[in-house]
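Below is one structure; the comments refer to it alone.
The values are calculated or read from the model by the stated rules, or taken from the named source; none is laboratory data. Because the structure is a prediction, the values reported are computed rather than measured. Here Cβ is always computed from backbone atoms with ideal geometry, including for glycine, and neighbour counts include all displayed protein chains. The protein model used for the area step is the full one, side chains on, heavy atoms only, and it has no ligands, DNA or RNA in it. Shrake-Rupley method; radii C 1.70, N 1.55, O 1.52, S 1.80 Å.
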Amino acid sequence: MISVIDGVRLHPQYLSLQQQRQLLEVARKVIRDAPLFVPTMPKTGKKMSVRMTNCGSLGWVTDKQQGYRYQPVHPDTGENWPKIPPVLVDIWQDLARYSKPAEACLINFYNDTAKMGLHQDQDEKNLEAPVVSLSLGNDCLFRIGGTKRGEPSKSLRLRSGDALVLEGPARLIYHGVDRIYPNTSRLLKKGGRINFTLRRVNE
Ligand code: SIN
Ligand code: MN
């Protein structure tokens, strides 16, 4: 485990290759029930470059009209999100070290040109619980800043199988994905990257 800064834990190669394949299967299954949707920015309606889905009692969504939020149903199908599978429940237990289970697991799909701008995870009522993130597929350049916009940032490379935890003093740091490095993993046949983010939403 590497403490990148106070409150940012990097667990390089936390997932074995077998577990990575298992999580890829999980992502495929979730998509079958809860198809990927295209998130759009609040107010502008601009499309984000990632595609998303969720599992859990709540899922994170965004659109022009209602903005960033958690809701129990898929924005297009109106169906409840699929349950968080046991393998992810166990990973949350192990990495979050938090008394209550995760309620939301956002699954982000990046193609090799997708990115995600610097932002804070602050739509959760519960800011005590950590955010646990897992990477699959091609490497990415992940940027972490401070808790205020414009503070100095540092970059780290996240690889397939890495786990990253944001907690305590770093729970509200700005973070984002600057770029994906094509052809750095063979896990995903068509390239790209998948990120799972587990969160507790309510107290
Ligand atoms: C996110 O902050 O929602 C995604 C982070 C990542 O893709 O690693
Ligand atoms: Mn985030």
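Evaluate the charge dipole of the stretch 2-199 about its Cα centre and quote only its size in Debye, nearest 20, assuming +1 on the Cβ of each Lys and Arg and -1 on the Cβ of each Asp and Glu. Walk me through the intermediate numbers first.
Details: 29 positive and 19 negative charges, 119 e Å.
Its charge dipole is roughly 580 debye.
So between residue 186 and residue 47, what do we pick up on full extension, going 0.36 nm a residue minus the alpha carbon distance?
Working: separation 139, 0.36 × 139 = 50.04 nm, distance 2.79 nm.
Gain on stretching residue 186 to residue 47: 47.3 nm.
So if each residue of separation counts as 0.36 nm, and I subtract the Cα-Cα distance between residue 25 and residue 126, what length gain in nm does that give? The partial results should precede the final answer.
Values: separation 101, 0.36 × 101 = 36.36 nm, distance 2.94 nm.
Between residue 25 and residue 126, full extension yields an extra 33.4 nm.
Average projected area of the Cα convex hull of the stretch 2-199, in nm²?
On the way: hull surface 41.2 nm².
Spelled out: convex hull of the Cα atoms, projected over all directions, averaged, 10.3 nm².
Could you tell me which of rounded, prolate or oblate describes the stretch 157-200, using a ≥ b ≥ c as the square roots of the eigenvalues of the alpha-carbon gyration tensor, with rounded for a/c under 1.5 and, failing that, prolate when a/b is larger than b/c and oblate otherwise? Walk me through the numbers on the way to the answer.
Numbers: a/c = 2.83, a/b = 2.09, b/c = 1.36.
The shape class here is prolate.
Could you sort 40, 53, 77 by their accessible area in this structure, using a 1.4 Å probe and putting the largest first? Numbers along the way, then the final one.
Numbers: 40 25, 53 0, 77 65 Å².
Heavy-atom accessible area, descending, gives 77, 40, 53.
Quick one: accessible surface of residue 178, probe radius 1.4 Å, all protein chains present, in square angstrom to the nearest 10.
50
If you place +1 on the Cβ of every Lys and Arg, -1 on the Cβ of every Asp and Glu, and leave all else neutral, what size is the dipole of the stretch 91-150 about its Cα centre, to the nearest 20 Debye? Walk me through the intermediate numbers first.
On the way: 7 positive and 8 negative charges, 52 e Å.
For the stretch 91-150, the charge dipole is close to 260 debye.
Relative contact order of the stretch 2-199, please, whole-number percent, based on alpha carbon pairs below 8 angstrom and at least 6 residues apart.
Details: 471 pairs, mean separation 50.7, N = 198.
Relative contact order of the stretch 2-199: 26 percent.
Which of 29/190; 115/154; 47/83 have a Cα-Cα distance over 24 Å?
Numbers: 29/190 17 Å; 115/154 16 Å; 47/83 27 Å.
Too far apart for the 24 Å limit: 47/83.
What is the stretch 96-169 by shape, rounded, prolate or oblate, if you read a ≥ b ≥ c off the alpha carbon gyration tensor as root eigenvalues and call it rounded for a/c under 1.5, prolate for a/b larger than b/c, and oblate otherwise?
Working: a/c = 1.78, a/b = 1.21, b/c = 1.48.
Oblate, since a/c reaches 1.5 and b/c is not below a/b.
Work out, step by step, the length gained on full extension between residue 148 and residue 87: first 0.36 nm times the residue separation, then minus their alpha carbon distance; give nm to one decimal.
Numbers: separation 61, 0.36 × 61 = 21.96 nm, distance 3.43 nm.
Result: 18.5 nm gained on full extension.
What residues of the stretch 120-137 lie in the reach of a label at residue 69, counting those whose backbone N is under 14 Å from a point 7 Å from the Cα along Cα→Cβ?
123-124
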